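Trainee: My questions will all concern the structure given below.
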Amino acid sequence: MGTLVYSTIGSLDGYVNDARGAFDWAEPPDDLVGSINDVLEGVDTYVYGRRMYEVMHVWETDPDFDGPGLSPETARFSRGWRAAEKVVFSATLAEPVTARTRIERAYGAGAVRAVVDATDGAVTIEGPTLAAHALRDGLVDEVHRYVAPVLVGGGTPVFPADVRLDLELVEQRRFDRGFALLRYAVR
């Protein structure tokens, strides 16, 4: 049985994007990308909603994300992302545009639990909308909150307003440019 991890980069005031939908302020420094890579080596599957998948699939579909211009850690991330399984919950996405990807037409706690139970490794659920469902359903085992040193004043919240979780801090780290990781186990 695997572990379900909600992993996200967000602003200090708790948003994954700003009021315009932009998240250019969240570009992680290379030492943070290296730390993420270390964690992702244990990830067997990424679980996405359609919007997050559309943001992330560039790691396989855009030639700029597979070339000599990438830093070693960014290239390592790209290779790892391509090698992992992806499950996309979407009623509207016709077909996946990446390899090792399947579409589930409707979110269901049982469907997510089946993905997690099918592996001994970690499964990440990414994107605040899909993660909100898993948080409400009590499926998330860990929260990896990467904090960008910026206040954006509004946008899409990292966490839903109607969920209470008791968490235990199991790791905290600082990175270049003021980024930080707060890793929690859900109690």
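Trainee: Does the stretch 61-79 contain any residue that is over 17 Å from the mean Cα position of the chain (by Cα) and in contact (Cβ under 8 Å) with a residue 60 or more places away in the chain?
Mentor: No: zero hits.
Trainee: Can I ask one more? If I filter the stretch 108-147 down to residues being acidic (D, E) and not in a helix (DSSP H, G or I), which single residue comes out as surrounded by the fewest Cβ atoms within 10 Å (Cβ to Cβ)?
Mentor: D120
Residues are listed down the side, and each one gets a yes or a no for (1) small (G, A, S); (2) in contact (Cβ under 8 Å) with a residue 40 or more places away in the chain:
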site	(1), (2)
V88	no, yes
E95	no, no
R100	no, no
G108	yes, no
A111	yes, no
A114	yes, no
T119	no, yes
A122	yes, yes
E126	no, yes
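Trainee: Would you check which residues across the stretch 52-65 are at pLDDT below 90 and under 16 Å from N37 (Cα atoms) and list them?
Mentor: Within the stretch 52-65, F65 is the sole residue that qualifies.
Trainee: Next up: Checking G155 against (1) at negative phi; (2) touching a strand residue (DSSP E or B) at 6+ places or on another chain (Cβ under 7 Å); (3) surrounded by 14 or more Cβ atoms within 10 Å (Cβ to Cβ): exactly one of these is not met. Which one?
Mentor: Only one criterion is unmet by G155, namely (1).
Trainee: Of all the residues that make up the stretch 53-69, how many are in contact with a Ser or Thr (Cβ under 8 Å, 6 or more places away or on another chain) and open to solvent by less than 80 Å² (accessible area, probe 1.4 Å)?
Mentor: Total satisfying the criteria: 6.
Trainee: Looking at E171 and the list (1) under 20 Å from G110 (Cβ atoms); (2) in contact with a Lys or Arg (Cβ under 6 Å, 6 or more places away or on another chain); (3) not basic (K, R), which single condition is not satisfied?
Mentor: The one condition E171 does not meet is (1).
Trainee: Only one of these is out of contact with any helix residue (DSSP H, G or I) (no Cβ under 8 Å at 6 or more places or on another chain) and in contact (Cβ under 8 Å) with a residue 40 or more places away in the chain: L151, L130. Name it.
Mentor: L151
Trainee: Continuing with the same structure: Name the single residue that is farthest from A114 (Cα to Cα) among those in the stretch 83-101 being small (G, A, S), open to solvent by 20 Å² or more (accessible area, probe 1.4 Å) and in a loop (DSSP other than H, G, I, E, B).
Mentor: A94
Trainee: Just one of G10, G21 is over 17 Å from W59 (Cα atoms), within 13 Å of the chain's Cα centre (by Cα) and of a type outside the set (A, V, I, L, M, F, W, C); which is it?
Mentor: Step by step, each of G10, G21 is checked, and only G10 is over 17 Å from W59 (Cα atoms), within 13 Å of the chain's Cα centre (by Cα) and of a type outside the set (A, V, I, L, M, F, W, C).
Trainee: Could I ask something else about it? Does E85 count as of a type in the set (D, E), touching a strand residue (DSSP E or B) at 6+ places or on another chain (Cβ under 9 Å) and within 27 Å of P149 (Cβ to Cβ)?
Mentor: Taking the combined requirement at face value, the residue does not satisfy it.
Trainee: Looking at the stretch 18-39, which of the residues that are in contact with a helix residue (DSSP H, G or I) (Cβ under 9 Å, 6 or more places away or on another chain), in a loop (DSSP other than H, G, I, E, B) and open to solvent by 30 Å² or more (accessible area, probe 1.4 Å) is nearest to P149 (Cα to Cα)?
Mentor: By that ranking, first place goes to P28.
Trainee: Looking at V47, V39, V87, V33, which one is farther than 23 Å from Y184 by Cβ and hydrophobic (A, V, I, L, M, F, W, C)?
Mentor: It is V87.
The values are calculated or read from the model by the stated rules, or taken from the named source; none is laboratory data. All values derive from a computational prediction rather than experimental measurement. Every residue, glycine among them, receives a Cβ derived from its backbone with ideal geometry; neighbour counts consider all protein chains shown. The area values use the complete protein model at the heavy-atom level, side chains included, leaving out ligands, DNA and RNA. Shrake-Rupley method; radii C 1.70, N 1.55, O 1.52, S 1.80 Å.
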